[in-house]
Structures are given as structure tokens and as C-alpha cells.
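> Would you mind keeping the following structure in view while I ask a few things?
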Amino acid sequence: MYDLFVTVVLISLGIFIIVTGLIAIALWRGRSSTGIPEQEFGKTRSEIFWMTGPILIVVWIFVISAKLVLTMNAVPKIHPTDGNAEVELTVIGHQWWWEVQYSGSPIVAANEIYIPVGKKVRVEIRSADVIHSFWVPQLARKMDAIPGHPNYIWLEANKVGVYQGRCAEYCGTQHTWMKFKVFVKSTEDYAQWKSDAEAAIKKTAAAAVAATGTDSSAAPANTLADQGKQLFLSEGCVNCHTIAGLSTPNIGPDLTRISQRAMLGAGVLPNSKENLAKWLSDPQTYKPGCKMPDFKFTDKQVDQLVAFLESLN
Ligand code: CUA
């Protein structure tokens, strides 16, 4: 895209210089004449030249643009063994957050994407509801997330860092707060992050399975976290949010590793215990219209839920 951009700018610059130059010459030559010069006809050769020249230039720009669009729109090869994609992600736009799934891994994240530096990442972009648009201005072009029609895009970052992403298609009241971040890590850091995340998910799932193995009525919820877990299961959280080993609805963001997230509510609050408590107390204050209702939790219930969610890491 950059090469095409530079090519078109150079062509335009050349034309601009030629045209303004010719005008300047004509003005200079005719500086002493008065009145309107007579229109000249019958210069067939120059007329043909000034007709076909621009047509050829426009056709050429069309051809190189079309070729580029076709190349960029080609569905990237699916298997890493083909030597193309090193990482495969599926990103699903929801009102108003992004779900990120890692191919061949149990990692499901919300509003953050971890990728290794210098590797091609094939991203399948889907929508769970309306049309969104996936956009990381520093890494790639925009790509619409269209219900029922997966699109594909490459992400490739050549510098380690954090890149800001946005939804770039108006999708409802909280379109603005549909931010995400792309964390570009070195190959080693990425591998470490991935194995840590997978181990944490395994641990959480195993703990949940172990807990259901015992008679929970016989074992009273002693800790704040245990009480929070009971609330999670009884108050309706469980109907929308997935936690590894505990629930699978996958309507709201997966909460298995919420303690590791950078942001809450797709960017409305930095993630911290205090902010998680604020969010649970009344999500509608921080993100009016978001799909999470105000459950009117008491302060004590909020503390229990925070303790539970923070215990999952
Ligand atoms: Cu999603 Cu705008």
C-alpha cells in the first residue's frame, strides 16, 4: 500500500510540475499581448497526445491499484506449515468489545491481542452482531467485521510495543468505547506469555472441576473468593460470561484471565481492583447502553466478586 501510495504521489507530482510549468511558460511568453488570444484548431498530433497520455496514466494507476487490492484481499493460507501464517487469530466484533481467539489454543481474550514481532499473523475477522471494523492504524488497513461473512487480514509488526486499535465503523451507542490494544512481544516473550496463559487457563479449569467433584453444600464458602464464586454462579453472571471449567456461554467477555487484562469495558477503565469494583457496582455509569445490566450488587457482594475474579490468574 505504501509503495502504491508513493507511486501515485510521484506521478501526480510529475503531472503537477509539467502542467504548472507549461502554464508558467505560456504566461511568460504572452506577457506583452493584450486581449484574448485566438483559439487554435487542427493540431491533431498534440490533441491525440494530450488525450491518450492522461488516459494511459489513469489506466495504469487503475491496473496497479486493482492488482494490489486483489493481492491484499486474497485469503491468506490457512496452515502455518505453508510457510505463511505464524499465528492464527480469530477476532470477533461484539457490541461493544472484541473477542480474540487463538487457533489451537484455549486462550480467549477480550480487547487485547498478543502477537510476536516480525511474524505474519493471519487474522480472521468476524462479527457476532452488527458491522464493525477492525483497525490498528499503525499495523494494517481497516477490515470490516461483517455478520456471516468472515474477512481476513494480515497483521505484521516489525517493532516491539503496544499499538492502539479501534472499531472504525459506527456500530451503536458505545462504538467509541470499542478500543483494543495489540501487544507486540519478542519471540521469546510471546512464547512465554502464551505458555503462561495456557497454564493459567488449565489451572483455573482444573480447580473448577475439582470443586464440583466435592459436595459443595457440605463445604461452606469460607473465603471472599469462594463467596464470589457462589455469586457468579447464582446471580446470572454465569449466563453471559465464560470462565474455564465453570461456564461456557461466551456472550460477554471471557473472564478466565480478567486479572491480567489492561482495560475494562473495552477501554473505559484501566484494570485494577478498585475499577473492577466500580464496574461491577454499576457498569451503566461507565459505559451507558452496554449489554451488562446493573445488578444492584451490595458493596459486600462486589468485594466478593472482585476477590473471586482476581483469584483467577
Ligand atoms: Cu464496533 Cu464501532
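The numbers here are math on the coordinates, done by the rules we state, and not lab data. Since the model is a prediction, treat every value here as computed from it, not as a measurement. Note that each Cβ is placed from the backbone with ideal geometry, even for glycine, and that neighbours are counted across all protein chains shown.
> Find the relative contact order for segment 85-185 and round it to a whole percent, using C-alpha pairs within less than 8 Å whose residues are 6+ positions apart.
30
> Kirkwood Rh over alpha-carbon pairs of segment 85-185, then Stokes-Einstein at 37 °C and 0.692 mPa s: what D in µm² s⁻¹, rounded to an integer?
Rounded, D is 249 µm²/s.
> Of all alpha-carbon pairs in the chain, indicate the percentage at a distance above 28 angstrom.
54
> Additional query: Would you look at the GNM of the chain, springs on alpha carbons closer than 10 Å, and say which of VAL160, VAL59, VAL136 moves the most?
Highest fluctuation among the options: VAL59.
> Hey, what number do you get for the chain at 222 nm if only DSSP H runs of n ≥ 4 count, each worth -39500 (n - 2.57), divided across all residues, to the nearest 500?
So the helix-based figure for the chain works out to -13000 deg cm²/dmol.
> A further question on this structure: Distance in nm between label sites at LYS202 and MET1, each 7 Å beyond Cα in the beta-carbon direction?
Those two pseudo-labels are separated by 3.8 nm.
> How would you rank 4-17, 280-293, highest first, on the average number of other Cβ atoms within 10 Å across their residues?
280-293, 4-17
> Return the FRET efficiency for the residue pair THR187, LEU22: r is the Cβ-Cβ distance, R0 is 45 Å, and the value is rounded to the nearest 0.05.
Calculated value: 0.20.
> For ASP282 and ALA210, what is the calculated FRET efficiency with R₀ set at 35 Å and r taken between the beta-carbons, to the nearest 0.05?
Approximately 0.55, to the nearest 0.05.
> How big is D for segment 193-310, in µm² s⁻¹ as a whole number, if Stokes-Einstein is applied with the Kirkwood radius of its Cα pairs at 4 °C and 1.567 mPa s?
87
> Going highest first, how would you order 31-39, 258-266, 297-305 by mean Cβ packing within 10 Å?
258-266, 297-305, 31-39
> For LYS185, list the lysines whose Cα falls under 25 Å from its own Cα; do not include residues on the same chain fewer than 8 positions away.
Leaving aside lysines fewer than 8 places away in the same chain, those within reach of LYS185 are LYS77, LYS119, LYS120, LYS142, LYS159, LYS194, LYS202, LYS203.
> For the peptides 122-128, 42-48, what is the packing order when you average, over each peptide's residues, the other Cβ atoms within 10 Å and list the highest mean first?
Ranking the peptides 122-128, 42-48 by packing returns 122-128, 42-48.
> If the chain between GLN164 and ILE11 were fully stretched, how many nm would it gain, using 0.36 nm times the residue separation less the Cα-Cα distance?
51.8 nm is the gain from fully extending GLN164 to ILE11.
> Gain in length, SER46 to ASP294, computed as 0.36 nm per residue apart minus the alpha-carbon separation, to one decimal in nm?
Extra length available between SER46 and ASP294 comes to 81.8 nm.
> How large is the Kirkwood hydrodynamic radius of segment 156-201, counting all unique pairs of alpha carbons, in Å?
Evaluated over segment 156-201, this radius sits at 12.7 Å.
> Taking every DSSP beta bridge with both residues inside segment 85-208, roughly what % is antiparallel (nearest 5)?
Approximately 65 percent, going by the DSSP bridge assignments.
> If you don't mind, another one. Run the numbers on the chain and let me know its relative contact order in percent, using alpha-carbon pairs under 8 Å that are six or more apart.
After rounding, I find 13 percent.
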